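Read through the structure below, which is laid out as structure tokens, and then see the notes.
The values are calculated or read from the model by the stated rules, or taken from the named source; none is laboratory data. Bear in mind that the values here come from a model prediction, so they are computed numbers and not experimental data. Quick reminder, even Gly has a Cβ in these numbers, built from the backbone with ideal geometry, and neighbours come from all protein chains shown. Each accessible area value is taken on the protein alone, full model and side chains, heavy atoms only, with ligands, DNA and RNA left out. Shrake-Rupley method; radii C 1.70, N 1.55, O 1.52, S 1.80 Å.
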Amino acid sequence: MKTKKHTSTFYVWVSVIGFLLFTFDSTGLAPLNIGNARPLLLLPLLVAVAMAGREWIGLLFGAVFGILLDTIGAETLCFNMIALFIIGTVCGLLCAHYVNDNVYSAVALCFFSNLFYYVARWFFFYVCAGREEVFSYFFRYCVPTILYNTVFIIPFYFLLRYLSRRTSYYD
């Protein structure tokens, strides 16, 4: 069976896109907030990368994107690296063995990845920290962000699919 591999051009493009999204998100140059929903654009990009590159690429880019997010987070303590590491690996494994590579699967994977990330973040940084009004925070901030962030998988999926087709070969 032939395996699909990518040239280094694919990884350079993904790195540049990820760094630009991180820069725009961390500096506030392109705010995409709608009400209380503030998207984390590296998360849907990671799902699209893991779908195109499978588990090892999802693992690598999940760790890198997580480290980038941990550099600007005040209380994260490697949470982003671990969470995105897990998300990238699981999405890549699911796409390699169980899930078809189509936009519907991408939306479902992105929704469940967002759900995992924001529920884990809410649990560790709000529930375990003993902050007040944890449920109002969850329903006012986390739920709209999960839904809004899931929408961004659609352009990222098609962009990464295009890049993957242009920079791949079979071994």
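Listed values, structure above:
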{"item": "E75 - accessible surface, heavy atoms, 1.4 Å probe, Å² rounded to 10", "result": "100"}
{"item": "Share of alpha-carbon pairs per 10 Å distance bin for segment 25-92, given as whole %", "result": "23, 46, 28, 2"}
{"item": "Inter-label distance, nm, simple model (7 Å from Cα along the C-beta direction), F116/C128", "result": "1.7"}
{"item": "Relative contact order, percent, the chain [alpha-carbon distance under 8 Å, six or more residues apart]", "result": "33"}
{"item": "Segment 121-171 versus segment 1-41: alpha-carbon centroid distance in Å", "result": "12"}
{"item": "Förster-model FRET efficiency, 25 Å R0, A96 and Y137, C-beta, rounded to 0.05", "result": "0.10"}
{"item": "Helical segments meeting 20 Å axial Cα length and Kyte-Doolittle 0.0 threshold in the chain (DSSP H)", "result": "8-27, 42-72, 79-97, 103-122"}
{"item": "In Å², nearest 10: area of V119 left accessible to a 1.4 Å probe", "result": "50"}
{"item": "Dipole magnitude of the chain about its Cα centre (Cβ charges: Lys, Arg +1; Asp, Glu -1), debye to nearest 20", "result": "540"}
{"item": "Within the accessible area of segment 48-171 (1.4 Å probe), percent carbon and sulfur", "result": "69"}
{"item": "GNM flexibility winner over the chain from A63, A50, A108 (Cα, springs under 10 Å)", "result": "A108"}
{"item": "Computed label-point distance, nm, for sites F19 and V151 using a 7 Å Cα→Cβ extension", "result": "3.0"}
{"item": "Rounded, prolate or oblate (a/c below 1.5 giving rounded, otherwise prolate when a/b exceeds b/c) for segment 58-139 by Cα gyration tensor", "result": "oblate"}
{"item": "Rg ratio (alpha-carbon, reference 2.2 N^0.38 Å) - the chain", "result": "1.03"}
{"item": "Pairwise label distance in nanometres, A108 with R38, each label 7 Å out on the Cα-Cβ vector", "result": "3.2"}
{"item": "Counted charge near Y118, where neighbours are those whose Cβ lies closer than 14 Å (Asp, Glu -1; Lys, Arg +1)", "result": "+3"}
{"item": "Solvent exposure of segment 17-171 as accessible area per residue, Å², 1.4 Å probe", "result": "53"}
{"item": "Residue range of the chain that is longest and free of trypsin sites (Lys or Arg not before Pro) which are both DSSP loop and sparsely packed (at most 13 other C-beta within 10 Å)", "result": "3-130"}
